[in-house]
Amino acid sequence: MAEEPKETKPGFQNPVAGFGVTFKAMFKKRLTEQYPEQQKTTAPRFHGRHQLNRHPDGLEKCVGCELCAWACPADAIYVEGADNTEEERYSPGERYGRVYQINYARCILCGLCIEACPTRALTMTNEFELADSSRANLIYTKEQLLAGLQEGMVDTPHSIFPGTDEQDYYRGLVTEAAPGTERQVAVSKGELHPSASPSGPSGTPAGEGAEA
């Protein structure tokens, strides 16, 4: 019986075709991005640096449940929860995130963490310039991730809005801090908790420029 001809790979049938693709691409006009002098606008739902959000009165939305850390496929999030007290309250519920860290040397910006968050405390911004020369600086702390204060907010810790409970916050019934609300001082320590945000009424993000 006559042997059947061996099949040849498509790439070797016409080598000129491969060079044709190369030469065709050489003469195409390409758009050069003038970065960083001219920054390109990102898409509205771009996955950038994370942000820990606040309620309209300034209390933190994070309840320290650690669901974001469990959902992270890269093990980039570390959370430690703690109990609120009447003398030192950071969130409307029983607990809050005392320690919150995201390691951007590991983070793949997939967004699974924000999908797992039950209180919408964690969202992602459009900020994408996260490169650094130090691994330590790529570990963002709670002070760096916590959103800055806006009009009507008072920095934590402070009491919840009088006459409301945790559910009222999630229903959107609290729209600003109660008149006369002031930032509390930890009675037991005589000073603010180390995790308290140092941001001021100007709305500057907490921990901006601080070392990780």
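List of remarks:
- Taking max minus min of the alpha-carbon positions on each principal axis, region 50-170 gives extents of 47, 28, 23 Å, largest first.
- Across region 169-174, rounded Karplus estimates of 3J(HN,Hα) from the backbone phi angles (6.51 cos²θ - 1.76 cosθ + 1.60, θ = phi - 60°) give 5, 6, 7, x, 7, 9 Hz, Gly and Pro being marked x.
- Phi to ³J(HN,Hα) by Karplus 6.51 cos²θ - 1.76 cosθ + 1.60 over region 132-144, Hz, x for Gly, Pro: 8, 8, 10, 5, 4, 6, 7, 8, 7, 9, 4, 4, 7
- Annotation: peptides 40-46, 169-175, ranked by per-residue average of other Cβ atoms within 10 Å with the highest first, follow the order 169-175, 40-46.
- Selection from ALA71, ALA82, HIS55 lying farthest towards where the dipole of region 54-113 points positive, charges on Cβ: ALA71
- Rounded to the nearest 20 debye, the dipole magnitude of region 50-170 is 460 debye, with +1 charges on Lys and Arg beta carbons, -1 on Asp and Glu beta carbons, and the Cα centre as origin.
- Ranked for footprinting exposure by Cβ neighbours inside 10 Å, fewest first, VAL16, VAL21, VAL99 give VAL16, VAL21, VAL99.
Laboratory data are not the source of any read-out in this text; all were calculated from the coordinates shown. Just so you know, these numbers come straight off a predicted model, no measurement behind them. Positions of Cβ are generated from backbone atoms using ideal geometry, with glycine treated the same way; all protein chains shown enter the neighbour counts.
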